[in-house]
Every structure is written in C-alpha cells, then in structure tokens.
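The values are calculated or read from the model by the stated rules, or taken from the named source; none is laboratory data. Since the structure is predicted, the reported quantities are computational estimates derived from the model, not experimental observations. Here the Cβ positions follow ideal geometry from the backbone for every residue, glycine too, while neighbour counts run over all protein chains shown.
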C-alpha cells in the first residue's frame with residue numbers, strides 16, 4: 001500500500017531509537033551496519049563521520065526540497081551537495097548525532113531516505129526528460145513514482161539477496177541507462193494501449209550484463225504486478241551465501257535466458273491470481289494522487305540569436321520540449337558537486353522561470369524544465385553569477401565520476417581527482433568539445449562500477465599495481481565504445497594499464513583521433529566498432545609513451 005505520512009514518521013522514530021541505542025553502546029558496529037544502511041547512511045573513509053544518501057525518485061526535486069537540502073548541507077555537511085549517478089543527492093561529513101534531525105527535516109518536505117542503501121530496492125530512476133520528450137508514448141514519471149511508493153514498505157524490501165535497481169526509460173538515448181538495471185521499463189503504445197517493454201537482469205560491477213528482454217508488452221496497469229513478480233523471483237531464488245554472486249544478473253546467468261523468462265512468467269501468473277486486482281487498484285490510486293507543479297509563465301519562442309557565450313551554452317545546454325515554447329535547461333555540475341548557495345540559486349531559478357521543479361540526472365547534473373524561450377537568456381545570466389553556466393553538458397568535458405578514494409573506503413583511486421585532471425587537459429587543449437557531440441567519459445574508483453564506466457564512450461577503472469621499485473601506484477584500465485539506447489553495448493578494453501599521470505593525455509589523444517578519423521555523423525561507439533580496439537590501443541600507447 002502507498003505509505004502514509006504517519007507511517008513514514010513512525011519509521012523515522014523507530015530508526016532514531018536504534019541510532020540512540022548504538023550511540024549508548026547497545027549495538028556493536030557490525031550490528032549497526034545494516035540498520036544505518038537501511039536509511040542510506042554510510043561510513044566515510046575516515047570511519048568517524050557519515051555520508052547520507054538522499055533518494056529522489058525519477059530525479060524529482062522541488063525548489064522547496066532543494067532549499068531544505070541546502071540548509072542541511074550548511075548545518076551538517078560543510079555546505080556541499082553531490083549529485084550521484086543514480087539521481088540521488090549525497091551529503092558528506094554528517095555527524096551521527098544529527099542524522100535523525102536530518103531525516104525529520106527531509107520528511108517535512110516529502111523526502112525519505114528509507115532504502116537508499118542496503119539489500120533493498122534502491123532509488124527508482126527515470127529519464128529526466130520524461131513528460132517532455134517529443135516522441136514518447138506517454139510520461140513514465142508517475143509510474144516511476146508509483147513503484148517507488150510501492151517499494152518503501154514492501155515486505156520483501158531490505159531483505160533481498162543484494163541491492164536491486166529499477167529504471168524507467170523515455171528518450172531514445174536512454175539517458176537513464178535502463179539496461180544496466182535489475183528491471184528496465186521502456187514505454188510503448190500498442191493498438192492504442194499504453195504499456196512497457198520489460199527487461200531484467202542488468203547490472204555492472206566486475207561482471208557486467210545488459211538486461212535482457214523478458215516481456216515485449218506489459219499493460220501499464222500491470223506495472224506493479226510485473227515488478228512484484230520479478231522481485232519475488234529474486235528474493236526466492238537469488239544467491240544468499242556469496243554476496244559477489246547475489247545480484248539478479250547471476251540468477252539470470254545460472255538459469256539461462258529461457259528458464260529465467262519462464263520463471264518470471266510463472267511468478268507473474270501467481271501474482272495476478274493472488275493480488276492482481278489489488279495491485280492495479282493501488283497503482284490507480286498512486287497515479288491519481290501524483291502531481292507535478294505547473295509552469296509559472298506562458299510559452300514563448302526562443303530568440304533567433306544570442307550573443308557569445310550564451311549562444312554556445314544554448315546550443316549544448318538547452319533542450320526543446322515537446323510543449324511548444326518551453327525548454328529544459330541543463331545545469332552542468334563539474335564532478336557532480338555544488339555548494340549550498342548554488343543549490344539555492346538554481347532552486348530559485350526554477351521558481352522564477354520554470355515550474356518550481358528540478359530534476360537530477362544520471363550524468364550528475366541538474367535540469368530545469370518548463371522555461372519559456374524568452375526567459376532562457378535570463379537563466380543563463382543568473383547561472384553565470386553563481387559559476388554554473390559552463391556549456392557542453394553531456395559532452396566530453398562533462399566527466400562523470402564516483403566519489404572515489406576521497407570518500408569511499410572501497411575505492412582504490414581518486415576518481416574525482418582523475419576526472420578533474422581530464423577536464424583540465426581537455427579544456428586547455430585545442431579541441432572543441434561541442435564538435436564531438438554528446439560524449440560521455442565515466443570513471444569508477446574500483447571494479448564496483450559506481451561510475452558506470454562500462455557504458456561510457458570512454459570508461460576508466462582505477463586499480464593499484466606495483467612498479468619495478470616495488471611501490472604501489474595508481475593505474476587505470478580504459479574501455480571504449482560503451483553505449484545505451486537502441487545500440488546498447490558494453491565497452492571494449494584497450495590493451496595495457498595506464499599510470500594516472502598519463503591518462504589525461506591518453507584521453508585527449510583518443511578524442512583527437514576520433515575527431516580526425518570519424519565519418520560524417522558517426523557516433524563514437526560506432527567509430528570504435530569500425531576501427532577496432534587494436535587501433536585505439538595503439539593510439540593510447542603512443543600518447544602514454546609521449547608523456548612518460
């Protein structure tokens with residue numbers, strides 16, 4: 001059933017009691033770990049402070065919610081917020097004694113962190129363009145939110161074999177990266193009926209898999225039924241002894257595609273018989289209650305010309321909605337970070353020029369929809385004043401990275417530092433990022449792939465190798481040609497492992513080679529398939545040799 005405010009409030013109080021018991025020494029650190037993870041609270045690298053993950057289903061963030069998060073960041077998190085690769089916001093350096101106050105302040109504006117980590121259904125993601133894509137069959141956002149609500153107090157949630165991820169695609173580019181999720185929904189309309197193509201079994205990590213098609217059409221009314229069926233299958237049959245094999249992708253591999261699909265069909269039949277009408281009713285109730293704020297201003301065309309640098313920014317950061325006269329503005333956040341003051345400023349822009357709504361993206365940016373064309377220049381000028389008007393969003397200089405060894409105890413490399421170094425190399429070079437088109441560099445500080453490096457145009461994984469002197473030094477392996485959308489594919493690994501000092505020059509050389517050798521209109525993943533990884537490995541080694 002849909003969670004009530006009282007239910008969410010009661011859960012916070014119960015969780016607060018457990019936190020206080022740990023602070024009094026009634027729980028060991030080991031016993032406290034699943035408790036804190038259930039609400040998205042992580043030990044940081046220093047093991048004396050905490051990182052709080054804040055779930056934002058579909059990346060939805062109202063201006064009031066953004067102001068609340070900015071206030072929490074000011075009070076407890078050194079004034080910095082970080083947008084993640086799953087549309088969450090993370091705050092670092094949270095003192096344990098202020099955690100419950102954080103939850104209470106978030107609850108007051110309609111946000112919960114329940115299930116933000118642990119063996120649970122994590123933040124349900126959705127295309128941040130949803131509702132405005134010109135060729136979308138229908139808006140998937142209400143369905144994303146319905147699945148989020150359904151999962152919060154689901155009896156199997158928090159007791160799954162491993163984390164479980166769900167995504168709703170909308171645009172042809174699949175910017176929400178649906179195929180790397182445990183369940184991926186793609187909207188379609190068949191004979192006048194709304195529904196979804198459903199994929200399952202995706203995931204990255206050291207053994208990456210793209211989700212496979214399990215249902216070519218599920219009526220939109222049955223979205224909770226198919227979700228329930230797949231979650232039940234994973235809960236019952238997923239690996240329980242070896243966490244390294246506990247994601248649903250391994251269940252798919254163990255059963256084989258035919259049996260995996262048959263098991264889902266059988267479970268869906270049981271769910272339909274047991275509670276199909278109830279779940280359809282719950283979905284209907286959730287959809288009826290779902291509301292997004294309306295645009296504050298009438299539509300208007302985008303002016304025909306703009307002076308530099310606004311013209312460049314408009315070409316790369318402004319997106320035309322299907323609603324004539326309205327535009328979405330991408331606010332590029334270098335490394336996914338922004339200050340509390342910047343967050344408040346962007347929230348105010350959403351109020352003044354949009355609908356009061358922001359959306360976070362998997363590319364670690366913010367998106368302001370519903371901006372009339374005659375207000376786009378004003379948005380640019382305001383972003384300039386808070387140093388957030390950088391152009392080329394989702395281009396090669398807009399690097400995506402996990403937090404890495406600056407924060408995470410699992411990471412073996414400073415992936416954010418590497419992202420910054422690559423940005424400097426590319427921004428200082430002679431190359432024009434805009435000419436390459438959309439081009440995603442993704443970096444992970446360890447094989448867990450939180451930076452989603454397997455599906456980047458270029459993906460980097462941090463590792464540590466011993467040099468000839470016996471000292472351990474940071475290196476990176478490089479993948480090329482990952483893609484999503486209609487031509488989804490995992491990246492191909494280049495030969496060799498590259499010391500971190502050589503990587504920025506290697507990336508620049510690969511970009512230059514693509515720029516000079518590509519065919520007209522050829523995207524990078526198609527270029528990689530045409531020229532082959534051997535040629536690109538030679539380019540990479542040549543650039544590395546020149547640096548060393």
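Points to keep in mind about this one:
- Single condition residue 34 does not satisfy, out of (1) surrounded by fewer than 22 Cβ atoms within 10 Å (Cβ to Cβ); (2) touching a residue at least 40 places away in the same chain (Cβ under 8 Å); (3) part of a loop (DSSP other than H, G, I, E, B): (3)
- In this structure, residue 393 does not qualify as within 20 Å of the chain's Cα centre (by Cα) and in a helix (DSSP H, G or I).
- Among (1) over 24 Å from residue 402 (Cα atoms); (2) surrounded by fewer than 21 Cβ atoms within 10 Å (Cβ to Cβ); (3) modelled with pLDDT of 95 or more, the one test that residue 145 misses: (2)
- Residue 128 in contact with a helix residue (DSSP H, G or I) (Cβ under 9 Å, 6 or more places away or on another chain), assigned to a loop (DSSP other than H, G, I, E, B) and crowded, with 23+ Cβ neighbours inside 10 Å: yes
- For residue 430: the one exception among (1) surrounded by fewer than 18 Cβ atoms within 10 Å (Cβ to Cβ); (2) modelled with pLDDT of 95 or more; (3) part of a loop (DSSP other than H, G, I, E, B): (2)
Every residue, every condition in (1) under 18 Å from the mean Cα position of the chain (by Cα); (2) under 24 Å from residue 285 (Cβ atoms), yes or no:
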position: 105; (1), (2): no, no
position: 111; (1), (2): yes, yes
position: 115; (1), (2): yes, yes
position: 122; (1), (2): yes, yes
position: 125; (1), (2): yes, yes
position: 129; (1), (2): yes, no
position: 135; (1), (2): no, no
position: 138; (1), (2): no, yes
position: 149; (1), (2): no, yes
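- If you go through region 461-511 and pick out every residue that is at negative phi and not in a strand (DSSP E or B), you end up with 26.
- Exclusive hit being crowded, with 18+ Cβ neighbours inside 10 Å and at positive phi, set 444, 449, 415: 449
- Note on region 509-521: residues that are in contact with a helix residue (DSSP H, G or I) (Cβ under 9 Å, 6 or more places away or on another chain) and loosely packed, with under 15 Cβ neighbours inside 10 Å total 3.
- Residues satisfying the stated conditions in region 207-225, i.e. touching a helix residue (DSSP H, G or I) at 6+ places or on another chain (Cβ under 8 Å) and either surrounded by fewer than 20 Cβ atoms within 10 Å (Cβ to Cβ) or under 25 Å from residue 489 (Cα atoms) (or both): 207, 208, 209, 210, 211, 212, 214, 215, 218, 221
- Those strands (runs of 3 or more DSSP E) lying entirely in region 292-353 with at least 2 residues over 11 Å from residue 373 (Cα atoms) and touching a residue at least 40 places away in the same chain (Cβ under 8 Å): 326-331, 337-339
- Qualifying position, being over 30 Å from residue 64 (Cβ atoms) and touching a residue at least 60 places away in the same chain (Cβ under 8 Å), among 273, 246: 246
- The set of residues in region 75-88 that are over 16 Å from residue 176 (Cα atoms) and in a strand (DSSP E or B) comprises 80, 81, 82.
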